[in-house]
């Protein structure tokens with residue numbers, strides 16, 4: 001299987017809801033994001049995120065699911081990414097993984113991981129991916 005890399009940018013719009021739980025200095029909240037990807041990934045997405053914000057500056061965590069619809073290197077379809085993000089007193093770690101067997105259309109069989117960086121206010125993505133053969137019964 002060939003490993004491919006797609007690099008580009010995206011814009012983001014967020015819609016925060018009021019926190020649903022606050023106690024002991026930790027606030028739990030929901031946020032919905034909409035993204036528009038440019039580059040080899042020409043797509044839109046909706047992200048549903050749950051977050052925990054602590055009373056310590058720079059410490060938080062979040063999980064999210066994101067459905068991405070559009071095209072990747074000219075192949076049309078959709079797929080879902082799972083997010084796992086942690087901030088530990090300012091040190092960030094973030095993983096986005098393509099949910100296995102979530103891809104549809106010409107993207108069926110997609111596997112991969114996405115890395116996100118924000119540089120001077122611009123959101124950049126790097127998607128490392130491959131396609132695996134379909135499972136037969």
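The values are calculated or read from the model by the stated rules, or taken from the named source; none is laboratory data. None of the values given here were measured: they were computed from a predicted structure. A quick note on method: Cβ atoms are made from the backbone with ideal geometry, for glycine too, and the neighbour counts reach across all protein chains shown.
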Requested in this report: Inspect the stretch 41-55 for any residue being in contact with a strand residue (DSSP E or B) (Cβ under 6 Å, 6 or more places away or on another chain), within 15 Å of residue 130 (Cα to Cα) and in contact (Cβ under 8 Å) with a residue 24 or more places away in the chain and give the result as yes or no.
Outcome: yes
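Identify all residues within the stretch 49-72 that are farther than 10 Å from residue 85 by Cβ and under 10 Å from the mean Cα position of the chain (by Cα); write none if there are none.
Going residue by residue through the stretch 49-72, those that are farther than 10 Å from residue 85 by Cβ are 50, 52-59, 65-72.
Those that are farther than 10 Å from residue 85 by Cβ and under 10 Å from the mean Cα position of the chain (by Cα): 65, 66, 67, 68.
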Report task. State which residue pairs qualify: first residue over 18 Å from residue 26 (Cα atoms) and inside the stretch 78-102, second residue at pLDDT 95 or above and in a loop (DSSP other than H, G, I, E, B) in any location, beta carbons under 6 Å apart, and separation of 6 or more residues or different chains. Result -> 79/102; 79/103; 79/107; 80/99; 80/102; 82/99
Report summary line: Of 43, 104, the only residue that is farther than 20 Å from residue 126 by Cβ and surrounded by 14 or more Cβ atoms within 10 Å (Cβ to Cβ) is 104
**Report entry** Cβ-Cβ under 6 Å pairs, at least 6 apart or on other chains, the stretch 108-137 side under 13 Å from residue 41 (Cβ atoms), far side at pLDDT 95 or above and outside any strand (DSSP E or B)
**Finding:** 110/103
Report task. Evaluate the following for residue 123: is it in a strand (DSSP E or B), closer than 24 Å to residue 51 by Cβ and more than 11 Å from the chain's Cα centre (by Cα)? Result -> yes
Report summary line: residue 14 fails exactly one of (1) modelled with pLDDT of 95 or more; (2) under 14 Å from the mean Cα position of the chain (by Cα), namely (1)
Query raised in the report: Can you name the condition, by its number, that residue 130 falls short on among (1) in contact with a strand residue (DSSP E or B) (Cβ under 6 Å, 6 or more places away or on another chain); (2) more than 30 Å from residue 18 (Cβ to Cβ); (3) at pLDDT below 95?
Result: (3)
Query raised in the report: If we scan the stretch 35-48, do we find a residue that is outside any loop (DSSP other than H, G, I, E, B) and either over 15 Å from the mean Cα position of the chain (by Cα) or more than 18 Å from residue 10 (Cα to Cα) (or both)?
Result: no
Report summary line: In the stretch 13-30, anything surrounded by 11 or more Cβ atoms within 10 Å (Cβ to Cβ) and over 12 Å from residue 51 (Cα atoms) is listed as 14
